[in-house]
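Taking it in order: structure first as structure tokens, then the write-up.
Derivation of every value follows stated rules applied to the coordinates shown; laboratory data play no part. This structure is a prediction, so every number in the text was calculated from the model and none was measured. Neighbour counts are summed over all protein chains in view; Cβ atoms, including those assigned to glycine, are modelled from backbone coordinates with ideal geometry.
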Amino acid sequence: MSPILFVYAKGGPPLEYALPRIAVHADVHVLALAPLPHTTEPAWMPWCASVTQAQPSDGRALVDLICTHADRVEAAAVLTLSEYAVVAVAHACVRLGLAGAGENVAAARDKRLMRRTWRDAGVPVPGFAEVRSADDIALAFERLTPPLLLKAAWSAGSTAHLTVRNGPEALRAWQIGRSVMEASSAQGYAELHSADDGVSDFLLEEIVTGDTGAWFEGPGWGDYVSVEGIVTDGTYHPLCITGRMPTIPPFTERASIAPAALPQALQRRIEEVSRSAVDALGLDTCATHTEIKLGADGAMWLIETAARFGGVMTTRQVENVFGLDMIGMLVRQLLGESVEYPSRMLTEGSGAAGSLVVLAADGAGEPWPHLPRWDFDAVDWPSLLGDGSRIELVREHSLAPGTVVPAYEEAGGANSMAALCFVTADSGPALLADCERIVEALPHALAARRTSRSAS
């Protein structure tokens with residue numbers, strides 16, 4: 001088989017899931033820019049032809065590092081599944097003459113450039129303003145309608161997102177956001193191609209009003225969806241839609257669910273809007289994850305498109321429900337092999353699968369009054385799940401048993417995650433109900449277990 005260089009960084013699906021799907025098609029040489037998950041090493045290490053740990057660099061030095069290692073292993077393709085490495089890998093592929101996201105990759109990473117590109121192409125986006133100084137904040141409140149959402153331009157997982165209502169609030173939020181981005185960078189959750197890890201780059205945007213009433217077949221769904229896809233030589237292939245539980249303030253994701261309970265006709269409308277968004281970015285060959293806000297009277301706004309698959313367990317959800325091994329499809333595409341894509345986006349699947357993030361906040365975003373210790377095995381899961389539903393812990397993205405659950409902080413977004421669980425059910429609505437019960441009961445279940453252990 002051909003050799004492939006897999007560039008590992010924080011984020012993306014667990015290695016124990018991803019590497020077997022790459023190794024079926026290529027000899028996998030890992031270049032690790034972050035510490036590898038040793039707790040799951042027995043599950044992923046056997047799939048590696050070699051593993052090299054490297055000190056992360058930035059900009060041109062990082063691209064040089066990737067190219068040098070690709071040459072060393074004679075890689076026929078270079079791949080990353082991490083948000084933080086997609087820019088560097090794309091530039092390395094251009095230099096190496098290999099298939100990749102291409103020269104325009106920054107438009108699928110830097111939220112400022114992304115929104116400028118979409119605005120110029122007539123793709124629907126909320127009003128926005130770039131923030132580089134205090135003067136930019138004042139000008140933003142003159143042009144835009146508050147409340148506004150402050151976003152870090154290079155963030156992921158709703159990190160450094162804060163709602164602000166006036167200039168002084170925005171100035172304070174800007175300072176908080178920069179501190180959060182610095183802390184994230186120290187943990188390895190930061191843009192690797194930027195000279196300052198993207199800590200200083202922000203924007204303010206208007207908060208559009210979501211409305212699920214005319215969209216979903218049943219209550220309880222969040223007001224945005226994602227379209228998962230792959231671009232091949234500039235041609236976009238939308239594959240399926242994943243839905244959400246409602247976010248918690250400011251806009252932190254709680255659970256991703258496939259399939260979304262949307263009528264087929266509405267899925268087709270979403271498909272076409274995602275096509276307009278992805279086509280405008282001018283990507284070459286890469287995965288895509290496109291988030292779209294849903295409003296009243298059929299309104300839609302683009303939130304973002306990433307030149308990679310949806311985070312954490314999205315690829316596994318899609319494989320479970322729609323039967324598509326998206327990682328394997330992309331690997332074959334990068335290697336120049338023939339790949340069969342659906343003629344149109346798939347709108348129906350079998351069963352349901354979801355990724356549930358454990359955060360110390362209730363369904364409305366109110367912090368838990370007490371912070372128990374995390375212990376997956378201590379919870380009576382069957383009592384919280386419907387008939388036919390199953391849950392498992394994603395160890396790579398979860399705290400060790402006995403660790404105190406971190407307090408939820410709005411600016412921290414997914415950085416406050418205690419654990420990630422993979423849930424399956426007979427249908428999307430059934431899985432949504434499972435997740436709602438878990439969110440409601442989990443703090444009490446963990447606290448009760450701790451109390452019973454203390455008593456014994």
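Rg and Dmax over the alpha-carbon atoms of the chain stand at 21.1, 65 Å.
Stokes-Einstein D for region 3-98 at 25 °C, 0.890 mPa s, Kirkwood Rh over Cα pairs, in µm²/s? It comes out at roughly 187 µm²/s. Sparsely packed loop sites in region 298-407 (the chymotrypsin sites (Phe, Trp or Tyr not before Pro) outside DSSP H, G, I, E and B with at most 15 other Cβ atoms within 10 Å) do not occur. Counting neighbouring beta carbons within 10 Å and listing from fewest to most, the residues T80, T39, T242 come out as T39, T242, T80. Each principal axis of the Cα atoms in region 127-206 has its own extent, and those three values, largest first, are 35, 18, 18 angstrom.
Relative contact order, whole percent, for the chain stands at 16, derived from Cα pairs under 8 Å and 6 or more residues apart. Over all other residues within a Cβ to Cβ distance under 15 Å of H38, the charged ones net out to -1, with Lys and Arg as +1 and Asp and Glu as -1.
Calculated on the Cα set of region 210-349, radius of gyration then Dmax: 14.4, 44 Å.
Dipole check for the chain: with +1 at the C-beta of Lys and Arg, -1 at the C-beta of Asp and Glu, and the Cα centre as origin, the magnitude is about 340 Debye. Each of I137, A23, S338 was scored by the projection of its Cα onto the charge dipole of the chain, and the greatest displacement toward the positive side belongs to I137; charges sit on the C-beta of Lys, Arg, Asp and Glu. Taking every C-alpha pair closer than 8 Å and separated by at least 6 residues, the mean separation divided by the residue count of region 127-206 gives a relative contact order of 44 percent. Net charge in the neighbourhood of T145 (other residues with Cβ under 12 Å of its Cβ; Lys, Arg +1, Asp, Glu -1) is -1. For region 323-456, averaging the sequence separation of C-alpha pairs within contact (under 8 Å, six or more residues apart) and dividing by the residue count gives a relative contact order of 34 percent. Region 291-333 and region 345-391 have Cα centres lying 20 Å from one another.
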